[in-house]
Amino acid sequence: QVQLVESGGGLVQAGGSLRLSCTASVRTLYPYAMGWFRQIPGREREFVAAIDWSGGSTSYTDSVKGRFTISRDNGKNTVSLQMNSLKPEDTAVYSCAARWGAAVGVFTTQDWYGYWGQGTQVTVSS
């Protein structure tokens, strides 16, 4: 019954920035681990970034390290992805995901997540 709604996607020139946000319809965002994934048509959905329910640990796919930052605000039931220095290869539909569990952890494969948002399109032009 958990719903995740993303926002913040759009069209941006290479080198620009976007901030994606995801709001969860839960009582509290604890103890959900959260993640961001992206998908290009014809390709498998790919891991982008993840954060544990405490906010104390994060993980990023190699191609976005140093450019993207994941964060969460448990009080507002939101998770964000700040994307800087965007490249054309970042073009994709970005989806927010949630995994319930008391164990602290960062999850980097989509099979770990039980709840997904509808996605928001990010297009980066050359």
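Given the options THR78, THR23, THR61, which has the most mean-square fluctuation in a GNM of the chain, springs set between C-alpha atoms less than 10 angstrom apart?
THR61
Once you treat every alpha carbon in the range 12-72 as an equal point and sum by Debye, what is log10 I(q)/I(0) at q = 0.18, 0.21, 0.29 Å⁻¹?
-0.77, -0.98, -1.33
Between SER57 and ASP111, what is the FRET efficiency for a Förster distance of 22 Å, r being their Cβ-Cβ separation, to the nearest 0.05?
0.70
How big is the chain in terms of Cα radius of gyration and Dmax, in angstroms?
So, for the chain, Rg and Dmax equal 13.5, 43 Å respectively.
So with the 1.4 Å probe, I'd like the accessible area per residue for the chain, rounded to whole Å².
Roughly 51 Å² per residue, with all protein chains present.
Calculate what fraction, in whole %, of the accessible area of the range 5-126 sits on carbon and sulfur atoms when a 1.4 Å probe is rolled over the protein chains.
On the way: 2930 of 6000 Å².
Of the solvent-accessible surface of the range 5-126, carbon and sulfur hold 49 percent.
Across the range 38-54, in residue order, what do the Karplus-derived ³J(HN,Hα) couplings come to in whole Hz, using 6.51 cos²θ - 1.76 cosθ + 1.60 with θ = phi - 60° and x for Gly and Pro?
Calculated HN-Hα couplings, in order: 9, 9, 9, x, x, 10, 5, 4, 10, 5, 10, 7, 8, 9, 7, 5, 7 Hz.
The values are calculated or read from the model by the stated rules, or taken from the named source; none is laboratory data. Not measured: the values here are computed from a predicted model. So basically every Cβ, Gly included, is an ideal-geometry build from the backbone, and we count neighbours across all protein chains shown. The accessibility values were calculated without ligands, DNA or RNA, using every heavy atom of the protein model including side chains. Shrake-Rupley method; radii C 1.70, N 1.55, O 1.52, S 1.80 Å.
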